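Trainee: I'd like to ask you about the structure that follows.
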Amino acid sequence: MTATVERGSAVGKEGHAGRPHHRDRRRPGDSYALFLLPGALAFFAVVIVPFLMNTGVSFTDWQGVGGPEWSGLANYRELMGDADFWASFRHSLFMVVAMAAVPTALGLVLAAALFDHVGKHFGSRVTAVLRACFYLPQVLPIAVAGIVWSWILAPENGSLNEFLKAVGLGSWQQDWLGDPGLALWTVMGVMVWVQLGFPLVVFMAGLQRVDPALYEAAELDGAGWWRRFRHITLPQIRPEIHVVLLWCTIAALKVFGAVYVLTKGGPGGATDVPSYFSFTTFFEKTQVGYGAAISTVLTVIILALALIGLRLQTRAEDAEEGTRV
């Protein structure tokens, strides 16, 4: 009986030891790959294939009908000397300021003020209402927001000009979207309003994970709001700042809807941006090959910026972990 038990236990050990050995052959990454497969296929079909087709068209001279004719790098050589193309990129840099730099700076200050001051003195409900008000433009369709702003900024009977007239500032009335010297700044102001809610919500979520003991210790040491913001808030939510800057910069480089609804790139190309320039070249001028070249260059620039941003973020996080160790 003792022998039977020992034999049985030995078999049990072999069987128990054998099964895990068999399971160890399957790496955890194999099961994860199955979950990633649908997304990878969709990315390949919706992003990679159209991008490759667009790149192929960019090497042709094609009006959109008939067969495309191979032109090699002619579209890209023409693009390098196109003043309108480079002007649209200069406008994109202004959009980066309006949609990334300004909303990030304002969002940081407002998030810290809502979290550190409004939340403590007026309660979480007031904070939630204000946060929702700031975020509201993000959930509005850009077409609706653009039409409403077109009414507000109309040169005749627009709400803004009527308000200025009512408060005795009639001399400040302007054709906000029709003046070539003002149109880009006006669109930038609208985009700050549209974009501000996104960084604010992200930063308020990031502030939730900051240890309250840090703020309490700083207050006991006599640190004011600005010193707590500078020495605690900013370092603690640095990953969120990196993500917001990268996300908003990419959004600014590919902005299209707001420009289309508000100004259609005018007046006189004063608010033209690469995505809208590509659209008009594609569908209005029917220079499909040249429009594809513009889109390809814009895509490559956005990918390069995204990779550089991710690389810098990873390096900063590694350096921060190194200092903690």
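Trainee: If a residue has to be within 20 Å of H91 (Cα to Cα), not small (G, A, S) and not in a helix (DSSP H, G or I) to count, how many in the stretch 267-295 make the cut?
Mentor: Here the count works out to 4.
Yes/no matrix, rows are residues, columns are (1) exposed (fewer than 10 other Cβ atoms within 10 Å of the Cβ); (2) among the basic types (K, R); (3) modelled with pLDDT under 85:
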| residue | (1), (2), (3) |
| --- | --- |
| M1 | yes, no, yes |
| R7 | no, yes, yes |
| F35 | yes, no, no |
| A40 | no, no, no |
| F43 | no, no, no |
| V47 | no, no, no |
| D61 | no, no, no |
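Trainee: Residues of the stretch 155-203 being touching a His at 6+ places or on another chain (Cβ under 8 Å) and either modelled with pLDDT of 95 or more or not hydrophobic (A, V, I, L, M, F, W, C) (or both), which ones?
Mentor: The answer is none; no residue qualifies.
Trainee: Being part of a helix (DSSP H, G or I) and either crowded, with 20+ Cβ neighbours inside 10 Å or in contact with a helix residue (DSSP H, G or I) (Cβ under 6 Å, 6 or more places away or on another chain) (or both) is the filter here; which residues of the stretch 222-238 pass it?
Mentor: Result: R228, F229, I232, T233.
Trainee: Which one is least open to solvent (accessible area, probe 1.4 Å), of the residues in the stretch 171-209 that are of a type in the set (A, V, I, L, M, F, W, C) and farther than 20 Å from L106 by Cβ?
Mentor: A183
Trainee: Suppose we keep only residues that are under 24 Å from the mean Cα position of the chain (by Cα) and under 21 Å from W226 (Cα atoms) within the stretch 109-130. Which one would you say is surrounded by the fewest Cβ atoms within 10 Å (Cβ to Cβ)?
Mentor: Checked the stretch 109-130; the qualifying residue surrounded by the fewest Cβ atoms within 10 Å (Cβ to Cβ) is V109.
Trainee: Right, V243: open to solvent by less than 60 Å² (accessible area, probe 1.4 Å), more than 19 Å from L298 (Cβ to Cβ) and in a helix (DSSP H, G or I) or not?
Mentor: no
Trainee: Looking at the stretch 143-157, which of its residues are out of contact with any Asp or Glu (no Cβ under 9 Å at 6 or more places or on another chain) and surrounded by 20 or more Cβ atoms within 10 Å (Cβ to Cβ)?
Mentor: Within the stretch 143-157, A145, G146, W149 qualify.
Trainee: Cβ contacts < 7 Å: first residue free of Cβ contacts under 8 Å to residues at least 24 places away in the same chain, restricted to the stretch 33-53; second residue open to solvent by 50 Å² or more (accessible area, probe 1.4 Å) and part of a helix (DSSP H, G or I), any location; separation 6+ or different chain. Result?
Mentor: none
Trainee: Does the stretch 80-93 contain at least one residue that is hydroxyl-bearing (S, T, Y) and either loosely packed, with under 15 Cβ neighbours inside 10 Å or over 30 Å from Y290 (Cβ atoms) (or both)? So that I can check it myself, show each step before the final result.
Mentor: Quick first cut of the stretch 80-93, residues hydroxyl-bearing (S, T, Y) only: 88, 92.
Retained after the next criterion (residues that are either loosely packed, with under 15 Cβ neighbours inside 10 Å or over 30 Å from Y290 (Cβ atoms) (or both)): none.
Looking for residues that are hydroxyl-bearing (S, T, Y) and either loosely packed, with under 15 Cβ neighbours inside 10 Å or over 30 Å from Y290 (Cβ atoms) (or both), one finds none in the stretch 80-93, hence no.
The values are calculated or read from the model by the stated rules, or taken from the named source; none is laboratory data. Since this is a predicted model, take the numbers as computed values, not measurements. As a convention, Cβ positions derive from the backbone with ideal geometry for all residues, glycine included, and neighbour counts pool all protein chains shown. Ligands, DNA and RNA are excluded from the accessible area calculation, which covers all protein heavy atoms including side chains. Shrake-Rupley method; radii C 1.70, N 1.55, O 1.52, S 1.80 Å.
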